């Protein structure tokens with residue numbers, strides 16, 4: 001199998017998502033031809049890649065993913081390969097120049113976010129799947145959380161002057177600035193070092209088999225090494241619609257405490273990281289300029305802020 005680490009050249013070749021979108025189906029067809037695959041239909045919901053069901057020359061089915069090149073994604077295949085056996089789809093083949101992966105299919109592939117589970121059962125299932133996947137020795141020389149946060153913060157601070165009017169109008173300028181500063185400190189703290197998924201939201205946790213007897217597999221990692229407390233926020237934040245609960249901070253803390261107990265991760269540091277990630281989401285939402293997403297990000301940040309007080 002070729003190297004699992006994606007090449008950095010395509011990141012410069014496609015400096016924007018629009019530039020990559022213009023050629024993504026050409027890349028998909030090229031890889032289908034190279035690997036002699038029959039395209040069977042696309043999956044819904046992907047934003048950082050194009051994903052298709054395919055049939056291989058031997059008649060077995062697989063999943064072909066061609067990813068949008070971005071710096072957090074270079075280690076995707078390495079992360080999938082490093083997760084504990086049976087906790088992520090197997091990498092069957094990889095092309096580092098087109099950022100393409102041929103993956104074992106996950107059947108039925110129901111995301112945790114759509115599973116017929118009550119919210120606390122869903123939190124338990126997701127936390128247990130995450131804990132099992134990262135219970136490994138991290139690969140050497142991998143992207144670090146500190147490097148990732150440094151890049152995120154540099155981009156956020158570059159956007160900062162143009163975002164002040166919206167932040168000031170929302171009354172959260174100082175709080176967001178403090179949260180971003182907190183991220184820099186957290187990334188440099190002495191903390192356990194583990195393999196991180198990077199985006200362990202419930203849409204990236206898929207059911208293999210039945211709810212009663214199957215297992216949950218992690219997909220689409222943005223893997224790195226660092227403080228495991230960084231990883232819990234997406235799971236907690238996106239299950240059970242906590243931000244629309246009657247008391248969002250209490251709901252968030254209930255779900256965070258449960259996820260932390262199951263994973264053995266420090267809940268206090270997880271809470272601090274959750275606020276940092278919510279602050280970064282505010283800056284990204286303002287940059288994208290979609291009013292509904294800005295409102296959503298502001299609401300999430302306020303709720304996480306209230307949970308920390």
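Bear in mind these aren't lab numbers, they're just calculated from the coordinates by the rules spelled out. Here the structure is a predicted model, which is why all the values come from computation and not from measurement. For neighbour counting, all protein chains shown are included, and Cβ atoms are generated from backbone atoms with ideal geometry for every residue, glycine included.
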Requested in this report: Please sort 105-113, 235-243 by packing, taking for each peptide the average over its residues of neighbouring beta carbons within 10 angstrom, highest first.
Outcome: 235-243, 105-113
Query raised in the report: Which value results when the Cα radius of gyration for region 146-268 is divided by 2.2 N^0.38 Å?
Result: 1.23
**Report entry** Computed Rg/Rh of the chain, alpha carbon atoms with Kirkwood Rh
**Finding:** 0.96
Report task. Find how much the distance from residue 85 to residue 43 grows on full extension, using 0.36 nm per residue of separation minus their present alpha carbon separation; answer in nm with one decimal. Result -> 12.7 nm
Report summary line: Percent relative contact order for region 111-308, counting Cα pairs under 8 Å at least six residues apart, stands at 28 percent
Query raised in the report: On a 0 to 90 degree scale, rounded to 10, what angle separates helix 145-170 from the longest Cα axis of the chain?
Result: 50 degrees
Query raised in the report: Any idea how far apart residue 135 and residue 158 come out in nm if each label point goes 7 Å out from Cα toward Cβ?
Result: 4.1 nm
Report task. Describe numerically, in nm with one decimal, the distance between label points set 7 Å from Cα along Cα→Cβ at residue 22 and at residue 174. Result -> 4.7 nm
Query raised in the report: Against the longest alpha carbon principal axis of the chain, how many degrees, from 0 to 90 and to the nearest 10, is the axis of helix 173-188 turned?
Result: 60 degrees
Query raised in the report: residue 284 to residue 36: FRET efficiency via 1/(1 + (r/R0)^6), r the Cβ-Cβ distance, R0 45 Å, to the nearest 0.05?
Result: 0.70
Requested in this report: Multiply the residue separation of residue 113 and residue 184 by 0.36 nm, subtract the distance between their alpha-carbon atoms, and state the gained length in nm to one decimal.
Outcome: 22.5 nm
Query raised in the report: Once you put a point 7 Å from the Cα of residue 308 and another 7 Å from the Cα of residue 150, both along the Cβ direction, what distance in nm separates them?
Result: 2.2 nm
Requested in this report: Just need the relative contact order of region 4-118 here, percent rounded to a whole number, with Cα pairs under 8 Å and 6+ apart.
Outcome: 28 percent
Query - Convex hull (Cα only) mean projected area of region 1-42, reported in nm² to one decimal - result: 4.0 nm²
Query - the chain - mean residue ellipticity at 222 nm from DSSP helices (-39,500 (n - 2.57) per run, n ≥ 4, rounded to 500) - result: -15000 deg cm²/dmol
**Report entry** Folded to 0 to 90 degrees: helix 248-263 orientation relative to the chain principal axis, Cα
**Finding:** 50 degrees
Requested in this report: Assign one of three labels to region 9-105, namely rounded, prolate or oblate, based on the Cα gyration tensor with a ≥ b ≥ c the square roots of its eigenvalues; rounded applies when a/c is under 1.5, prolate when it is not and a/b is larger than b/c, and oblate otherwise.
Outcome: oblate
